[in-house]
Amino acid sequence: MRTALVFGGSGQIGQPLIQRLCAGGWHVTALSRSPQRDDARLRWLSGGFEAMPPLPARFDAIISAGPLDHFARWYAGGGVAAPRVVTFGSTSLDTKRGSGDPAERGLAGRLKQGEDSVFATAAFRGDAATLLRPTLVYGSGRDASLSRIAALARRAGMFPLPRGACGLRQPVHVEDLADAALACLDAPATHGRAYALPGGETLPYRE
């Protein structure tokens, strides 16, 4: 019986991830700020990074599908042991590093600090950490980009496309991200590595 602690379990990536873990025989402890229903292999705790409930002292794996900077701070100071750590960041670490927008450069900086902190903490503890960097996430209807655009278009009957919107996007599905995180858990080649996870298509913004 293997045990996993999951952050962001009620989110768009966390939900399919927990389904896969439970189907694979894992016993999962997950955190949520809103009430959730337990299952035979799933135990929900109420809380988050800013209000952490009491946790078991050890898990076989910790997976975070929540904010990378918050997880990195908790992981650096937390007392929970786990030899395997998989956490999500974003390709914005690279794509927005040289942006002309100060807010985007700040985001890239926070992502870089978060990744560096996770890898440093893992090395100090002797854990094996893997960082996953998705691109534009879709598939659950809960993302803050494509789903908002679709909702606006449904209400208005149209979507005003900016004249200069000619950039390319590589949307990645939440189910694929859950599969990737699960595959990393038992892949020693991923220890200490970070991976960009773009979708299978490169689409113009108009499409």
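For Phe124, state whether it is open to solvent by 40 Å² or more (accessible area, probe 1.4 Å), free of Cβ contacts under 8 Å to residues at least 24 places away in the same chain, aromatic (Phe, Trp, Tyr) and in a loop (DSSP other than H, G, I, E, B).
no
Keeping to segment 164-179, report how many residues are open to solvent by less than 50 Å² (accessible area, probe 1.4 Å), in contact with a Leu (Cβ under 7 Å, 6 or more places away or on another chain) and outside any loop (DSSP other than H, G, I, E, B).
Looking only at that region, the number is 3.
Quick one: in segment 8-45, which of the residues that are within 19 Å of the chain's Cα centre (by Cα) and open to solvent by 50 Å² or more (accessible area, probe 1.4 Å) is nearest to Arg73 (Cα to Cα)?
Restricting to residues being within 19 Å of the chain's Cα centre (by Cα) and open to solvent by 50 Å² or more (accessible area, probe 1.4 Å), the top hit is Arg33.
Would you mind telling me which numbered condition in (1) buried (at least 20 other Cβ atoms within 10 Å of the Cβ); (2) free of Cβ contacts under 8 Å to residues at least 24 places away in the same chain Leu5 fails?
(2)
For segment 20-74, which positions are hydrophobic (A, V, I, L, M, F, W, C), assigned to a strand (DSSP E or B) and in contact (Cβ under 8 Å) with a residue 12 or more places away in the chain? Quick ask: steps written out before the conclusion?
Pass one, segment 20-74, residues hydrophobic (A, V, I, L, M, F, W, C): 21-23, 26, 28, 30-31, 40, 42, 44-45, 49, 51-52, 55, 57, 59, 61-63, 65, 68, 71-72, 74.
Remaining after also requiring assigned to a strand (DSSP E or B): 28, 30-31, 42, 44-45, 51, 61-63.
Result: Val28, Ala30, Leu31, Leu42, Trp44, Leu45, Ala61, Ile62, Ile63.
Please verify whether segment 46-55 includes one or more residues that are farther than 20 Å from Leu185 by Cα, open to solvent by 30 Å² or more (accessible area, probe 1.4 Å) and in contact with a Pro (Cβ under 8 Å, 6 or more places away or on another chain). Can you show your working first?
Going through segment 46-55, the residues farther than 20 Å from Leu185 by Cα turn out to be 46-55.
Those left that are additionally open to solvent by 30 Å² or more (accessible area, probe 1.4 Å): 46, 49-52, 54-55.
Then drop every residue that is not in contact with a Pro (Cβ under 8 Å, 6 or more places away or on another chain), which leaves 46, 49.
Yes, that holds for at least one residue.
One line per residue, one yes/no per condition, for (1) within 19 Å of Asp69 (Cβ to Cβ); (2) at pLDDT below 85; (3) open to solvent by 40 Å² or more (accessible area, probe 1.4 Å):
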| position | (1), (2), (3) |
| --- | --- |
| Ser99 | yes, yes, no |
| Gln113 | yes, no, yes |
| Asp116 | yes, no, yes |
| Leu136 | no, no, yes |
| Gly141 | no, yes, yes |
| Ile149 | no, yes, yes |
| Pro162 | no, yes, yes |
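Taking the condition of being open to solvent by less than 70 Å² (accessible area, probe 1.4 Å), on the phi < 0 side of the Ramachandran plot and modelled with pLDDT of 90 or more, how many residues in segment 180-207 meet it? Before the answer, list the steps.
From segment 180-207, those open to solvent by less than 70 Å² (accessible area, probe 1.4 Å) are 180-185, 187, 190, 192, 194-199, 203-204; that's our starting set.
Still in the running and on the phi < 0 side of the Ramachandran plot: 180-185, 187, 190, 194-199, 203-204.
Subset that is modelled with pLDDT of 90 or more: 180-185, 187, 190, 194-198.
Final tally of qualifying residues: 13.
The values are calculated or read from the model by the stated rules, or taken from the named source; none is laboratory data. Note that this is a predicted model, so its numbers are computed, not measured. Note that we place each Cβ from the backbone using ideal geometry, even for glycine, and neighbour counts take in every protein chain shown. Just so you know, the surface numbers come from the protein's heavy atoms only, side chains and all, with ligands and any DNA or RNA stripped out. Shrake-Rupley method; radii C 1.70, N 1.55, O 1.52, S 1.80 Å.
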